[in-house]
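Novice: Supplied in structure tokens, the structure appears directly below.
The values are calculated or read from the model by the stated rules, or taken from the named source; none is laboratory data. What you are looking at is a predicted structure, and each value in this text was computed from that prediction instead of being measured. Note that each Cβ is placed from the backbone with ideal geometry, even for glycine, and that neighbours are counted across all protein chains shown.
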């Protein structure tokens with residue numbers, strides 16, 4: 001695979017390969033492309049350990065770097081995944097949360113490696129883009145949720 005002009009680099013303590021394989025199994029248009037091992041000992045690691053993993057998530061090129069405990073993830077970075085319906089929303093949400101992740105609010109969850117995900121049904125994004133009263137009602141409904149419930153959003157945006 002040729003090098004991408006721009007690649008998202010994600011810092012992991014030691015499990016970049018496990019994370020990349022999970023993403024590849026969970027999301028379409030995702031794959032692990034290369035696992036690179038350290039050619040020599042380095043601060044915090046030894047020769048032969050996995051150093052970087054090249055992968056894609058939903059078509060986005062990523063590099064997982066096993067860099068140790070110096071940095072950790074925050075909600076300042078997240079993957080936003082647009083879903084078509086409740087089944088797709090539930091599939092991704094459940095995959096992340098039941099694999100050692102945790103729920104958050106308003107469609108956000110975090111995987112077991114600390115990466116944040118926004119699992120966002122298309123109907124919610126469209127309502128927010130519309131603006132006005134439908135956007136306000138959709139926003140107010142979303143604020144009460146952890147996992148987004150498509151039927152609740154649809155009821156919130158329906159004309160009175």
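Novice: What are the residues in the range 32-47 that are modelled with pLDDT under 90 and either under 18 Å from residue 101 (Cβ atoms) or assigned to a strand (DSSP E or B) (or both), if any?
Specialist: Matches in the range 32-47: 42, 45.
Novice: Return the pair list, or none, for Cβ contacts closer than 7 Å from residues in the range 105-128 that are not assigned by TED's automatic domain parsing to the domain that holds residue 158 and surrounded by fewer than 23 Cβ atoms within 10 Å (Cβ to Cβ) to residues that are at pLDDT below 95 and in a helix (DSSP H, G or I), at least 6 apart or on different chains.
Specialist: none
Novice: So, one more: Select, from 97, 53, the only residue that is under 25 Å from residue 142 (Cα atoms), modelled with pLDDT of 95 or more and surrounded by 15 or more Cβ atoms within 10 Å (Cβ to Cβ).
Specialist: Unique residue meeting the criteria: 97.
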